[in-house]
Amino acid sequence: MPTISNNEDVFGALQDMPGWHRQGNGIQKTFHFDDFACGARFVGRVADAAAAAGRQPAIDIRGGRVTVALLPGHGSTLTSDDVAVARRVQQLVGDHRHTVGRAGPSSPRGPLAGIRPRPVGPAGP
């Protein structure tokens, strides 16, 4: 996997991702949501996307503010995979006022019509 070793490369990689900035050896962004519940749903979506990419970002949630940091391992540098995960996280933001992703099928007016709950066994869905 290609590494991103200097500030110019990092700056170039972050050009189309507003709000992301260099923090130490990694990159980070703080997202603002209406409340804690919206932020928590977003964190769940980030966790799923990061796990699928084999990454473990540092995530800090405080009220409606979520900070996601992608930090390289000890003695390593930022890679293009880290930037790809940041791009994916950026795409996940969407309209955070509606329940999406792992939050379940509901709306401000109650459960969505036509959605039936799936039975879940002891090991999960």
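How much length, in nm to one decimal, is gained on full extension between PHE36 and VAL93, taken as 0.36 nm per residue of separation minus their Cα-Cα distance?
Values: separation 57, 0.36 × 57 = 20.52 nm, distance 1.46 nm.
Extending this stretch completely gives an extra 19.1 nm.
Tell me, VAL93, VAL85, VAL43 in order of fewest to most beta-carbon neighbours within 10 Å?
Ranking VAL93, VAL85, VAL43 by Cβ neighbours within 10 Å, fewest first, gives VAL93, VAL43, VAL85.
Based only on other Cβ atoms within 10 Å, what is the fewest-to-most ordering of THR67, THR79?
Numbers: THR67 15, THR79 18.
Listed from fewest to most nearby Cβ atoms, that is THR67, THR79.
Please give the charge dipole size of region 22-96, origin at the Cα centre, charges +1 on K and R Cβ atoms and -1 on D and E Cβ atoms. Round to the nearest 20 debye.
Computed charge dipole of region 22-96: roughly 120 debye.
By how many nm would the segment from ASN25 to THR67 lengthen if fully extended, with 0.36 nm per residue of separation less the alpha-carbon distance?
13.5 nm
May I have the extent of the alpha carbons of region 3-95 along their three principal axes, as whole Å values ordered from largest to smallest?
Over region 3-95, Cα extents along the principal axes are 37, 24, 20 Å.
Every number in this text was worked out from the coordinates using simple rules, so none of it is lab data. Note that this is a predicted model, so its numbers are computed, not measured. Please note: Cβ atoms are built from the backbone with ideal geometry, for glycine as well, and neighbour counts cover all protein chains shown.
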